[in-house]
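Everything below concerns the one structure shown next.
We did not get these values from a lab; they are worked out from the coordinates using the rules stated. Computed from a predicted structure; not experimentally measured. Counting neighbours? That spans all protein chains shown, and the Cβs are built from the backbone with ideal geometry, glycine included.
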Amino acid sequence: MHPIEILGSRSRLRLLHELSRGDRYVSQLMEAVRLDGKNCKYHLDILEKAGIVASREEGRRKYYSLKKEILLYISPSPDRRYEVQFTDV
């Protein structure tokens, strides 16, 4: 999946915004971004497969954290190009 497609989802952007505040477990993320469990897990899986977030289990809870810093550059006309950079946190 192309980086723009990954970041093109409002739900994934809201999850990333919430994770920028610190590690969260799934229930916290569901409540913060108002997604049901299935949809939240779906979007987290995409972010994890892309290497942007990492997960760890502590007891019965699964925590997620940001693994990459995301920088988005968009240039105006006439170039009209964009660039997404992911760097390790």
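Of note:
- Residues with amide H under 5 Å from that of ARG24, placed H, sequence gap 5 or more: TYR64
- Of ASP36, ASP23, ASP79, the one that fluctuates the most in a GNM where the chain has Cα springs shorter than 10 Å: ASP79
- Using the Cβ-Cβ distance between TYR82 and SER9 with R0 set to 22 Å, the FRET efficiency works out to roughly 0.85.
- Converting phi to 3J(HN,Hα) with the Karplus coefficients 6.51, -1.76 and 1.60 and the offset θ = phi - 60°, region 60-72 yields 9, 9, 10, 9, 10, 8, 6, 10, 10, 8, 10, 10, 10 Hz in sequence order, with x at every glycine or proline.
- Order of LEU47, LEU35 under a 10 Å beta carbon neighbour criterion, fewest first: LEU35, LEU47
- Alpha carbon centroid spacing (whole Å) that separates region 47-89 from region 5-27: 9
- Based on Cα contacts under 8 Å between residues 6+ apart, the chain shows a relative contact order of 24 percent.
- Ranked VAL89, VAL33, criterion: other C-beta atoms within 10 Å, fewest first: VAL89, VAL33
- Considering only LEU66, LEU29, LEU13, the Gaussian network model of the chain with Cα springs below 10 Å gives its largest mean-square fluctuation to LEU13.
- About the centre of its Cα atoms, the chain shows a dipole size close to 260 debye [charges on the beta carbon of Lys, Arg (+1) and Asp, Glu (-1) only; nearest 20 debye].
- Mean residue ellipticity at 222 nm, helices only, the chain: -11500 deg cm²/dmol; runs of at least 4 DSSP H residues each add -39,500 (n - 2.57), and the sum is divided by the number of residues.
- Crossing angle, helix 37-49 versus the chain [Cα axis fit, 0-90 degrees, rounded to tens]: 50
- Ratio Rg/Rh, restricted to the chain and using Cα atoms, in which Rh is the Kirkwood radius: 1.02
- Listed from fewest to most Cβ neighbours within 10 Å, the set ARG12, ARG56 follows the order ARG56, ARG12.
- Axis angle, to the nearest 10 degrees, between helix 10-19 and the longest C-alpha principal axis of the chain: 70 degrees.
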